[in-house]
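Just below is one structure, and these are the notes that go with it.
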Amino acid sequence: MSTMRPAHALIDLAALRHNYQLAKSLSGRKALAVIKANAYGHGAVEAAATLADLVDGFAVACLEEALELRRAGIQQPILLLEGWFEPAELELIQQHDLWCVIHHHGQLRDLEVADIRQPLTIWLKLDTGMHRVGFMPDEYPLVWRQLESSGKVRMHTHMTHFARADELDCAATEDQLRLFQHSINGLPGETSLCNSPATLAWPQAHGDWLRPGIMLYGATPFSEAQEAADQLQPVMQLDSRVIAVRQVPAGEPMGYGARYITRRPTRVGVVAMGYADGYPRHAPDGTPVLVNGQRTQLIGRVSMDMLTIDLTDLPDAGLGSPVRLWGQGLNASEVAEAAGTIAYQLFCNLNRVPRFYR
């Protein structure tokens, strides 16, 4: 590992494999590893290569992400979760044998006039209550049969997406499941319903294909303890070091906007990490960090390249001490909750810091 500025991310590929195998073990079904958005900031090519011998396939958002994997030698099935945006993409989709989600009538019209040499593998999206994309339940069977009779597709999978599966006591997931089952009744094909929270907590919805995403990277999608999620292993360790130490009297303002006023004589550590690295600028005072493996907290507003932490109760910490922003010992989900966001955004916003893989 060679880097001048101490901020860096260490990606634990063994933990990534563990988390995918956990998803599989929960149902015994097939699972697409969701590695869109550069594998949630972890590195899509590296993640795909690590999982290639385990997975039933991968899922990405768009053609560009799929082509990056194909160029890297990834031969496993790849599903385009948003399908295609322009009909011209269908040529490359056929050339690289990509699977596609169809979720609106414009895509149906594109398919009608396209030159399809070999039938496409299609996953058809049903809107059961997310109301983002997908065909409505009353039209879904007709669309399915229309595609089935077109001669241009291999009908593969009925799919939907849960809106509130991360809320363990919410009835909406059961309602969506019932609507899904009613809407596909009598139609052949496999099923795929489960994102990470549904994979972990709603076994009755597992279907034939799981779509684990955030759980692959070791962050829990739940705001409370959950038995399966507690077995996840953090994949990304975001680390840096203390680059300066200052002694500040009580009653002094810290940083931009004087958001934090010291309540006591305070030993302040300055850390090489800021919002240009992807650390959330809006993280409040009290957001947890680890120094030498011990907990302390953020004080003062996050700057572009630096943030400040309280070292007063950590007398052994000082210049050069290792700082963990999230990872082993401090789950990204806890940091995200403190900052009023979600771990997905922390990972996807990671910028500038080099990634190292083990």
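We did not get these values from a lab; they are worked out from the coordinates using the rules stated. As the structure is a computational prediction, the values presented were derived from the model and not from experiment. Quick reminder, even Gly has a Cβ in these numbers, built from the backbone with ideal geometry, and neighbours come from all protein chains shown.
Output the peptides 95-106, 151-162, 30-41 sorted from most to least packed, where packing is the average of other Cβ atoms within 10 Å over each peptide's residues.
Values: 95-106: 18.1, 151-162: 20.1, 30-41: 23.2.
Top of the packing list down: 30-41, 151-162, 95-106.
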Any idea what angle helix 13-27 forms with the longest principal axis of the chain, computed on alpha-carbon atoms, 0 to 90 degrees, nearest 10? 50 degrees
What percent of all Cα-Cα pairs in the range 4-117 falls in each 10 Å bin, counting up from 0? 13, 40, 29, 14, 3, 1
Semi-axes in Å, largest first, for the range 81-140 (Cα gyration tensor, √(5λ)) are 22, 11, 10
I'd like the distance between the alpha-carbon centres of the range 124-154 and the range 285-301, rounded to an integer number of Å. 49 Å
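When every alpha-carbon pair in the range 238-316 is counted, what percent end up more than 15 Å apart? Write down the numbers at each step before the final one.
Details: 1549 of 3081 pairs.
Roughly 50 percent, rounded to a whole number.
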Taking the Cα atoms of the chain, report the difference between the largest and smallest coordinate on each principal axis, in whole Å and largest first. 76, 43, 37
Beyond 21 Å, what percent of the Cα pairs of the range 13-218 remain? 51 percent
Which of these, 29, 241, 117, has the largest mean-square fluctuation under a Gaussian network model of the chain (Cα springs below 10 Å)? 117
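Just to be sure I understand: of the beta bridges DSSP finds with both ends in the range 236-357, what percent are antiparallel, rounded to 5? Walk me through the numbers before you get to the answer.
Working: 24 of 24 bridges.
The antiparallel fraction comes to roughly 100 percent.
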Once normalised by the length of the chain, the mean sequence separation of its alpha carbon contacts under 8 Å that are 6 or more apart gives a contact order in percent of 18 percent
Under a plain spin-label model, where a point goes 7 Å from the Cα along Cα-to-Cβ, how far apart in nm are residue 345 and residue 88? 3.5 nm
List residues of the range 24-39, by number, whose backbone nitrogen lies under 11 Å from a label position 7 Å along Cα→C-beta of residue 54. 24-25, 33
Hey, what angle do you get for helix 172-183 against the long axis of the chain, alpha-carbon based, 0 to 90 degrees rounded to 10? 20 degrees
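Please compute the contact order of the range 211-314 in relative form: average sequence separation of alpha-carbon pairs under 8 Å and at least six residues apart, divided by the residue count, as a percent. Don't skip to the end; give the middle numbers.
Values: 189 pairs, mean separation 22.3, N = 104.
Once divided by the residue count of the range 211-314, the mean separation gives 21 percent.
Provide the percentage of antiparallel DSSP beta bridges, counting only those with both residues in the range 13-218; round to the nearest 5. Don't jump to the answer; show the numbers that get you there.
Details: 0 of 25 bridges.
Restricted to the range 13-218, the bridges split so that about 0 percent are antiparallel.
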Alpha carbon centre of the range 11-44 versus the range 252-276: separation in Å? 37 Å
Within a Gaussian network of the chain (alpha carbon springs, distance under 10 Å), most fluctuating of 243, 122, 309: 243
Spacing of the two label points (7 Å from each Cα toward its C-beta) at residue 168 and residue 109, in nm: 4.7 nm
FRET efficiency for residue 150 and residue 68, Cβ-Cβ distance as r, R0 = 30 Å, nearest 0.05? 0.50
Only bridges whose two residues both fall in the chain count here: according to DSSP, what percent of them are antiparallel, nearest 5? 50 percent
Set of the range 81-107 residues, backbone N closer than 18 Å to the point 7 Å along the Cα-Cβ line of residue 142: 103-107
